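Report on one structure; see the data block that follows.
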Number of protein chains: 2
Amino acid sequence: MKEQANILNGVIMKILIIGGKGTIGKKVSEHLSKKHEIVIGGRNSGDVSVDIADSQSIKRMFESIGNVDAVICIAGEAKWAAFDSMTEKDFYIGLNSKLMGQVNLVRIGQNYLNSGGSFTLTTGILADHPVALTTSAAMVNGGIHSFVKAASLELKNGIRINVVSSGLVEDAVQQYGTYFPGHNPIPMRKVINGYVKSVEGKGTGEIIRMYDNC
Amino acid sequence: MKEQANILNGVIMKILIIGGKGTIGKKVSEHLSKKHEIVIGGRNSGDVSVDIADSQSIKRMFESIGNVDAVICIAGEAKWAAFDSMTEKDFYIGLNSKLMGQVNLVRIGQNYLNSGGSFTLTTGILADHPVALTTSAAMVNGGIHSFVKAASLELKNGIRINVVSSGLVEDAVQQYGTYFPGHNPIPMRKVINGYVKSVEGKGTGEIIRMYDNC
């Protein structure tokens, strides 16, 4: 019952962060590591290797690290392109990676979470306020929002699930700013707080939105 | 310019209704046929054969019927089952059919719509208010909502796109009522009006929600 007690007291949790070396992931990992034990999963970096687009890889990862108290996923890709240039195959990039990758992480991971543990997935403002070129990315994000609400009704052993959906984060403005005309950048400290709220809070089925001008 | 004029005057349109023989589809077809020319597409019934889960079948359908003023889709399936019993493959039933089937209909159909024409897709209340057993169905519906918003930003030639999301319709209560505890059935005349609003109205990127107690 050690893990259960730890969660209840909000003290040390063992947290798996997939994509923990990315733009957002590295800041979230850094923040949470002050208080918790962090295991970082990634395709090419981190403590454990995982490609979320491959469900066998997800299974191997959990077999390798064992039970955890929380899983955070800040990984997954989707193709950005003009709608009239998108092929059927292009749409499946996002479906197989960012959408089913996160679903499979929950589907498989529910067997490796300690009682009272949590999943925190990641989407983004496109689910609610898409911009041009994002028919696939928006679709994937919207699908995850509804999945999280539905899964929260069924997860057992007090396991919670939430999703953080942020506007364009300030650290990504230089790379992606031109795709988001007029969007106010979201400070990284607010984005980090989205993950903290999900992991250390008690909510479930929540879409934790951090938008700023819509 | 005949088709364009017809749309602008709100008189006769050539409307393709996929799933036009289903529970909702037959009522929508019946209503719209009073004023418009209706072509019904279906897997096993209707005027033209189509399986939306197969993009080649969608292409053949459009090649066979030629240009239309409006496409309504009230078709597509997704597996309902307990989350902890759902396999990865089970999720792909909904992704290939109700999700990508509708996306492919728009992706391919945009080349067969007359200027100023419209797409009307179908989801349901699960996108916003899921019930047990619907992790896949909810996900698919939520994905379509965001896709419609994103596609509306990019469709050309004045082509519009909306989606009708209804609560449990009264005609389906006997079959599905027990899955929706406490849900107020939605009268069929309201659901029909959702499709009329999309096809004969001027809106685009709209999620036309008809819910009643949430």
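The values are calculated or read from the model by the stated rules, or taken from the named source; none is laboratory data. Source: prediction; values computed, not measured. Here Cβ is always computed from backbone atoms with ideal geometry, including for glycine, and neighbour counts include all displayed protein chains. Only protein heavy atoms, including side chains, enter the accessible area calculation; ligands, DNA and RNA are left aside. Shrake-Rupley method; radii C 1.70, N 1.55, O 1.52, S 1.80 Å.
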Quick one: with label points 7 Å out along Cα→Cβ, list the inter-copy distances for A:ARG60 in nm, shortest first?
-> 4.0
Using a 1.4 angstrom probe and counting only protein chains, how large is the accessible area of B:HIS145 in Å², to 10?
-> 10
GNM on chain A, C-alpha springs below 10 Å: top fluctuator among A:LEU153, A:LEU95, A:LEU113?
-> A:LEU153
Net charge near B:PHE91 (other residues with Cβ under 11 Å of its Cβ; Lys, Arg +1; Asp, Glu -1) is +1
Considering only the label points, 7 Å along Cα→Cβ from Cα, what distances in nm to one decimal separate A:LYS197 from the same position in each other copy, shortest first?
-> 2.9
Got a sec to turn the phi values of region B:171-178 into Karplus ³J(HN,Hα) couplings, 6.51 cos²θ - 1.76 cosθ + 1.60 with θ = phi - 60°, whole Hz, x for Gly and Pro?
-> 6, 10, 4, 4, 7, 10, x, 5
Can you name the residue in chain A whose Cβ lies closest to the A-to-B rotation axis, and give that gap in whole Å?
-> A:GLY143, 2
What do you reckon, how do A:VAL196, A:VAL173, B:VAL191 stack up by accessible area (1.4 Å probe), largest on top?
-> A:VAL173, A:VAL196, B:VAL191
Protein heavy-atom accessible area occluded, B/A pair - total, 1.4 Å probe, Å² = 3200
When the helices in chain A are scored as -39500 (n - 2.57) per DSSP H run of 4 or longer and the sum is shared across all residues, what 222 nm value do you end up with, to the nearest 500 deg cm²/dmol?
-> -11000 deg cm²/dmol
Where labels lie 7 Å past Cα in the beta-carbon direction, separation of A:ASP47 and A:ASP90 in nm = 3.9
Per residue of A:98-108, count partner chain C-beta atoms within 10 Å of its C-beta, then hand back the mean as an integer.
-> 3
Net charge contributed by nearby residues that have their C-beta within less than 13 Å of B:GLU154 (K/R +1, D/E -1) = +3
Of the cross-linked pairs A:LYS149/B:LYS202; A:LYS21/A:LYS59; A:LYS79/B:LYS21; A:LYS79/B:LYS89; A:LYS149/B:LYS197, which ones have a Cα-Cα span greater than 25 Å in the structure shown?
-> A:LYS149/B:LYS202; A:LYS79/B:LYS21; A:LYS149/B:LYS197
Cα gyration tensor, region B:126-214 - rounded (a/c under 1.5), prolate or oblate = oblate
Hey, any idea what % of region A:80-214's accessible area is carbon plus sulfur with a 1.4 Å probe?
-> 49
A:GLU63 accessible area, 1.4 Å probe, all protein chains in place, Å² to nearest 10 = 120
Just in region B:147-214: which trypsin sites (Lys or Arg not before Pro) are loop by DSSP and have at most 15 other Cβ atoms within 10 Å?
-> B:LYS156, B:LYS202
Place the label 7 angstrom along Cα→C-beta at B:SER49 and in each other copy, then list the distances from the first to the rest in nm, shortest first.
-> 4.8
With a probe of 1.4 Å, find how much accessible area the protein assembly as shown has per residue, and write the answer as a whole number in Å².
-> 41
